[in-house]
1. Is it the case that some residue within the range A:140-157 is within 25 Å of residue B:155 (Cβ to Cβ), in contact with a strand residue (DSSP E or B) (Cβ under 6 Å, 6 or more places away or on another chain) and within 12 Å of another protein chain (Cβ to nearest Cβ)?
2. Counting only residues that are buried (at least 24 other Cβ atoms within 10 Å of the Cβ), give me the helices (runs of 4 or more DSSP H) lying completely in the range B:121-219 with at least 1 of them.
3. Cβ-Cβ distance below 9 Å, separation of 6 or more or different chains: which pairs start in the range B:19-33 with a residue that is at positive phi and end on one that is surrounded by fewer than 23 Cβ atoms within 10 Å (Cβ to Cβ)?
4. Hey, any hits in the range A:82-101 for a residue that's at pLDDT 95 or above and in contact with a helix residue (DSSP H, G or I) (Cβ under 8 Å, 6 or more places away or on another chain)?
């Protein structure tokens, strides 16, 4: 299996010695897999996680565990209060997270868990960090196949942000644009899990649930839990997180 | 004088009654003029200011004074620690702000006061706020004529970000893209000041200096002070801020 990259593919390791990159690390299954993939491709990684007032805050603990497991010592957890703007079930405790949606519903239409412009905000912060560190790429685990219907996970969105990165930075103006590398964008959830397992990634460190309990245990019923469970079932593997 | 807007112009007031917008308000001369212009065009404005660890922090006080003077009650001052990434004279006190540069130097090349991806970060936050509030536009005071050589002030950058706003939001997917409105982008500093004075804007409330003293008084020698002084001189007006 060979993950597809979005737009400008990074050069092979043989062409550029150990490129450096900032990986957006949420603590979820996808971003952990993208980070493991980048590590396997010899990227020198820094990691950025955003503390944006999400109610599934155990994500941030998971991001630290994943960074440690992958040997990423430069890990910035940046607080930013998107909850000040309100407007999403992921940041507003008064809005319930949808549960038990059918396959036909998940990924069709934009659910209430959509956070306005979240990936645009995250990518812009990754871009600032990448340019400050002199990194040549941003690695991210977005996925346009088994996803929850968010517009800012689509390849056309990533291509548009690539233009912003090229035109809006000193690095881009000087002919060293910071590339977006999205190795999972065209993989199914099962393919993502197979890739991570082949790289030795411990998915017990990751968390995907939008509505975990106070001990971080997944609800098993939100869109994210359902997509994850279906992915592990398709692979025929056991999700180490589900047995917590 | 009629300011040019970038890309998709907002519809005339006759076509859409009092559109709502988020204005990025830095507390400087340009963004205050853009906000005064939008007020004169009957936009219902919310304002967003970013506390990003800038060392010219009197900007934030100025942004509050400008918002109050323009009757903008919905004003969010959002803290975000760009200084955690380092890398610019505007956030790193150990890097001196260039002083007494000649006209030939200002605007040619990217100066050390460039903050990596700053406008991308600010626009992404304005986009999140605009979508959360149901606003149809983002108003910003960027200017590509008398500016300091920052890549993220150019019209082509703004056009690229407009695509990100269209593709990366629920509003855009549903056919209500949030437009970028940059009324000053093709105006000279003198034209901007004339516009603001014609609208009754009190420039004594605004601050432009990159390196003010502890009481907020301008240094008179950084690029931003020099551009501002040349603008007032060209108009034949007195800068009320310069006499503080």
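The values are calculated or read from the model by the stated rules, or taken from the named source; none is laboratory data. For clarity, every value in this text was computed on a predicted model and none was experimentally measured. Reconstructed Cβ throughout: ideal geometry from the backbone, glycine too, with neighbour counts over all protein chains shown.
1. The answer is no, given that none of the residues of the range A:140-157 is within 25 Å of residue B:155 (Cβ to Cβ), in contact with a strand residue (DSSP E or B) (Cβ under 6 Å, 6 or more places away or on another chain) and within 12 Å of another protein chain (Cβ to nearest Cβ).
2. B:155-167, B:189-198
3. B:27/B:58; B:27/B:60; B:27/B:61; B:27/B:64; B:27/B:65; B:27/B:205
4. No, because not a single residue in the range A:82-101 is at pLDDT 95 or above and in contact with a helix residue (DSSP H, G or I) (Cβ under 8 Å, 6 or more places away or on another chain).
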